[in-house]
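> Input: one structure, supplied below.
Throughout, read-outs are computed from the coordinates displayed, never taken from laboratory work. Computed from a predicted structure; not experimentally measured. Quick reminder, even Gly has a Cβ in these numbers, built from the backbone with ideal geometry, and neighbours come from all protein chains shown.
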Amino acid sequence: MALVVNDRVKETSTTTGTGTFDLDGAALGFETFVSGIGNANTTYYSIVNENGEFEVGLGTVTDAATDTLSRDTILSSSNSDAAVNFSAGTKDVFCTLPASKAVILDSSGNIVANNGSNLTNLNASNLASGTVPDARFPATLPAISGANLTNLDASDLASGTVPDARFPATLPAISGANLTNLDADDLASGTLPDARFPATLPAASGANLTSLNATNIASGTLASDRLPTVPTTKGGTGLTTIGSANQVLAVNGAGTALEYQTPTTGDITGVTAGNGLTGGGTTGDVTLNVGAGTLIDVTADAIDVDLSELTTSTSDADGDFFCVVDSVNAQKKLTKANINISGFNNDSGFTTNTGTVTSVGVTAGSGLTGGGTVTTSGTINLDVGAGTGIDVAADAISVDVSDFMTNGSNNRVLTATGTDAMNAETNMTFDGTDLSIPSKIIHLGDTDTYTEFHALNQWRVVTGGTEMLEVNDNDVQITNGDLVPGTTDAQDLGASGLVWRNLYTGDLHLTNEAKSEGNAVDGTKGNWTIQEGAEDLYILNNKSGKRYKFKLEEV
């Protein structure tokens with residue numbers, strides 16, 4: 001990104017507010033910002049609104065579907081040199097060179113800042129003569145090569161480390177009080193005084209250490225043969241022998257030591273009834289009883305299963321299994337499908353023999369036809385009865401809408417003709433995408449208010465019996481409530497022989513900038529706005545920002 005300033009760069013914009021401006025295109029005889037300044041480059045700009053608002057600053061150009069100019073730094077403006085909250089109107093946006101950023105010559109032809117006091121970013125490489133005074137050097141030279149420096153004083157070294165190569169092979173015999181990082185491995189003679197040992201020795205072998213103090217043990221575990229009998233004051237038992245069989249370790253009567261004691265027996269202090277039991281107690285003799293429940297009966301000395309408590313069912317689905325006892329009294333469950341009638345006492349005389357019935361009657365119910373009586377053997381037919389909208393074939397029942405619909409044809413819209421009949425409308429069709437109607441769409445029976453496809457390529461809106469809008473192939477458009485032509489400078493409002501009676505408008509904006517040629521007098525193009533005052537009419541030049549007043553004469 002570079003700062004670029006160029007001649008004849010100017011565009012218009014209708015952007016409002018304090019943000020980035022959308023650029024609407026170059027003014028006649030000028031370049032766009034993208035062409036003259038370049039994408040992503042910065043430039044000095046000036047924005048002037050037709051109402052007098054202005055702003056000068058530094059911005060960034062962006063090449064996009066709609067080119068933009070950001071307002072990065074405000075140098076001066078009509079808003080006390082702060083960002084202007086631009087109101088509506090067409091603004092001129094152009095490249096400029098702000099006075100505060102210009103380099104000018106004085107009356108003698110010299111740059112105003114020629115004494116150098118305000119010059120910055122000077123390059124010492126450009127000094128061709130003279131000598132730099134000591135006062136221009138810093139108190140401490142920067143970290144550059146000192147290869148050519150002489151008479152250096154080692155006492156002036158304030159930081160860093162002298163490399164080994166700068167020391168002699170053997171240090172002179174001077175005090176080592178200030179030496180650090182000494183390596184004990186380099187000790188070749190002498191004995192270290194006790195003060196040179198750390199307070200705690202490192203974790204090395206202590207085989208040769210004597211006079212050790214056990215109170216200094218801070219971690220690890222002592223071997224069992226290193227331990228004496230642990231007194232009770234240290235959490236031990238204080239005992240040196242083990243008691244006899246069935247004795248327990250307990251505190252003596254005085255509460256001062258542990259000893260082995262033979263426990264004595266006593267009464268149970270409480271009996272609690274668990275799951276399935278009742279009773280219990282905390283004193284004297286207690287009784288526990290089995291609790292009775294569903295299908296369980298409890299008596300003095302027996303527990304019985306009571307099947308009489310089962311719920312009675314008349315559903316065949318509930319009889320999947322039967323409880324049975326075999327010849328060796330083993331209890332089993334038997335599926336009902338495996339129970340043979342032959343295993344029962346057939347008191348009723350059921351048989352598996354087949355034969356003929358003496359007389360069976362079959363009656364056709366609602367929606368059916370046929371039926372009859374069979375006295376020996378034979379077949380009875382039942383048929384579904386056909387009716388309005390129902391067709392019955394050998395193996396199918398179908399709905400036949402033709403029985404209650406007239407004019408049936410593909411894609412026609414159905415309408416009701418009474419409570420049980422329909423009509424397929426000849427002039428109203430829907431193919432899944434397009435709905436075709438011959439003329440009007442009326443609002444709830446209000447025949448004076450409707451939209452209508454009036455003729456080929458023509459559509460209109462009528463309210464109260466009066467046509468309010470007509471759209472045809474001349475390309476009239478309504479957008480967000482605004483009546484606009486289909487293309488710029490291509491349609492007229494009214495005609496030479498068909499004029500509007502009155503035209504009511506607020507401000508009147510006039511422009512011929514979209515035309516290929518200028519006006520018929522001097523060939524130029526303009527952009528003006530006529531506004532009303534209490535006593536005067538004013539006209540504003542939207543391109544130059546100048547304002548004029550009509551000279552009116554009272555009649």
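> Starting from 0.36 nm per residue, how many nanometres of slack lie between S315 and A99 once their C-alpha separation is accounted for? Don't jump to the answer; show the numbers that get you there.
Numbers: separation 216, 0.36 × 216 = 77.76 nm, distance 10.53 nm.
Extending this stretch completely gives an extra 67.2 nm.
> Under 4 °C and 1.567 mPa s, how fast does segment 400-555 diffuse according to Stokes-Einstein, given a Kirkwood radius computed over C-alpha pairs? Answer in µm²/s, whole number.
My calculation gives 60 µm²/s for D.
> Counting pairs of alpha carbon atoms under 8 Å apart in space and at least six apart in sequence, what relative contact order in percent does segment 510-549 give?
On the way: 57 pairs, mean separation 11.1, N = 40.
Relative contact order here is 28 percent.
> Average the reciprocal distances over every distinct pair of alpha-carbons in segment 368-489, invert the result, and give the Kirkwood radius in Å.
20.0 Å is the Kirkwood radius here.
> Label points 7 Å out from Cα along the Cβ direction at S189 and V324: separation in nm?
Inter-label distance under the simple model: 11.5 nm.
> Expressed as cubic angstrom per residue, what is the convex hull volume of the alpha carbon set of segment 510-549?
74 Å³
> Continuing with this model, one more query. When the distances between all Cα atoms of segment 388-433 are binned every 5 Å from zero, what whole-number percent does each bin get?
It works out to 5, 21, 23, 19, 15, 11, 5, 1, in whole percents.
> A further question follows. Measuring from centroid to centroid over Cα atoms, what is the spacing of segment 421-459 and segment 7-75 in Å?
Here the two parts' Cα centres lie 52 Å apart.
> Inverting the mean 1/r over all pairs of different Cα atoms, compute the Kirkwood radius of segment 10-101 and quote it in Å.
12.9 Å
> If we count every other residue with Cβ under 10 angstrom of T463's Cβ, Lys/Arg +1 and Asp/Glu -1, where does the sum land?
For residues surrounding T463, the net value is -3.
> Compute the relative contact order of segment 397-472 as a whole-number percentage, counting only Cα pairs closer than 8 Å that sit 6 or more residues apart in sequence.
16 percent
> Taking only pairs that are 8 or more places apart or on different chains, how many Lys pairs in the chain have Cα atoms under 17 angstrom apart?
10
> If you don't mind, there's one more thing I want to ask. Order of L552, L295 from fewest to most other C-beta atoms within 10 Å? Mind dumping the intermediate values first?
On the way: L552 9, L295 12.
Placing the least packed residue first, the sequence is L552, L295.
> Also, I was wondering about something else. So how do H509, H443 line up by other beta-carbon neighbours within 10 Å, fewest first?
H443, H509
> On full extension of the chain, what length is gained from S108 through S359, given 0.36 nm per residue of separation minus the C-alpha to C-alpha distance?
Stretched out fully, the S108 to S359 stretch lengthens by 76.1 nm.
> Residue by residue through segment 56-69, what is 3J(HN,Hα) from phi via Karplus (6.51 cos²θ - 1.76 cosθ + 1.60, θ = phi - 60°)? Round to whole Hz and write x for glycine and proline.
Karplus values, whole Hz, x for Gly and Pro: 10, x, 10, x, 10, 8, 10, 8, 8, 3, 10, 4, 10, 9.
> Say R0 is 60 Å: what FRET efficiency, to the nearest 0.05, do D492 and M1 get from their beta-carbon distance?
My answer for the efficiency is 0.80.
> Based on C-alpha coordinates, I'd like the Rg and Dmax of segment 1-157, in Å.
Every Cα atom of segment 1-157 included, Rg and Dmax give 23.9, 76 Å.
> Can I get the semi-axes of segment 21-75's equivalent ellipsoid? Compute them from the C-alpha gyration tensor as square roots of 5 times the eigenvalues, in angstrom, largest first.
Values: eigenvalues 61, 43, 20 Å².
Value: 17, 15, 10 Å, ordered largest first.
> Nearest 0.05, what FRET efficiency do L249 and A273 give at R0 = 35 Å with Cβ-Cβ as r? Intermediate results must be reported in sequence, preceding the final value.
On the way: r = 34 Å, r/R0 = 0.98.
That pair, L249 with A273, gives E of 0.50.
> Another question, then. By what distance, in whole Å, do the Cα atoms of the chain stretch along each of the three principal axes, largest value first?
Its Cα atoms span 134, 132, 50 Å along the three principal axes.
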